[in-house]
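The values are calculated or read from the model by the stated rules, or taken from the named source; none is laboratory data. Every value quoted in this text rests on a predicted model; they were computed, and no experiment measured them. Neighbour counts run over all protein chains shown; Cβ positions are idealised from the backbone, glycine included.
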Amino acid sequence: MRRPYLRPIDSLWWAKPPYLAYTLREATGIAIGAYALVLLAGVICLAVSENAYDAWLRFLASRWSLALHAIFLVAMLFHVWTWFAIMPKTMPRLVIGGRYVEPRLITATGVAIAALASLVLLVIALRILQ
């Protein structure tokens with residue numbers, strides 16, 4: 001019996017265009033999951049004791065935590081942008097008033113709504129802190 005043909009694949013296929021953008025976008029999911037774990041740790045510390053929660057708050061104020069949160073922010077912004085950039089490619093063509101809606105408009109609208117929602121949540125959080 002003949003062995004099937006296996007096409008040779010470079011071990012760094014994921015680091016070459018067009019796969020690199022996809023790989024980076026998927027990797028941002030790891031950062032988002034890590035941030036969820038940071039928040040979960042805060043909830044657990046809150047449930048354990050006031051001292052544990054204060055220690056978690058001190059960790060959040062540390063340089064390491066601030067650097068980690070900066071990485072999380074960049075990853076989240078990249079994730080949001082690529083998510084809405086992919087949306088027009090994965091949905092049926094949108095027709096409004098007999099005209100096709102441009103994919104760039106769909107992406108811009110999604111990003112604008114996400115930014116607006118983030119701004120509203122920030123304003124609510126700042127009012128709660130006052």
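Brief remarks on what is shown
- Restricting region 77-120 to residues that are among the charged types (D, E, K, R) and part of a helix (DSSP H, G or I) leaves a set whose member that is farthest from Leu24 (Cα to Cα) is Arg104.
- Residue in region 54-64 that is of a type in the set (S, T, N, Q) and part of a helix (DSSP H, G or I) present: no
- Verdict on Ala47 being more than 22 Å from the chain's Cα centre (by Cα), assigned to a helix (DSSP H, G or I) and among the aliphatic types (A, V, I, L, M): yes
- Residue check for Ala117: out of contact with any Cys (no Cβ under 7 Å at 6 or more places or on another chain), modelled with pLDDT of 95 or more and at negative phi: yes
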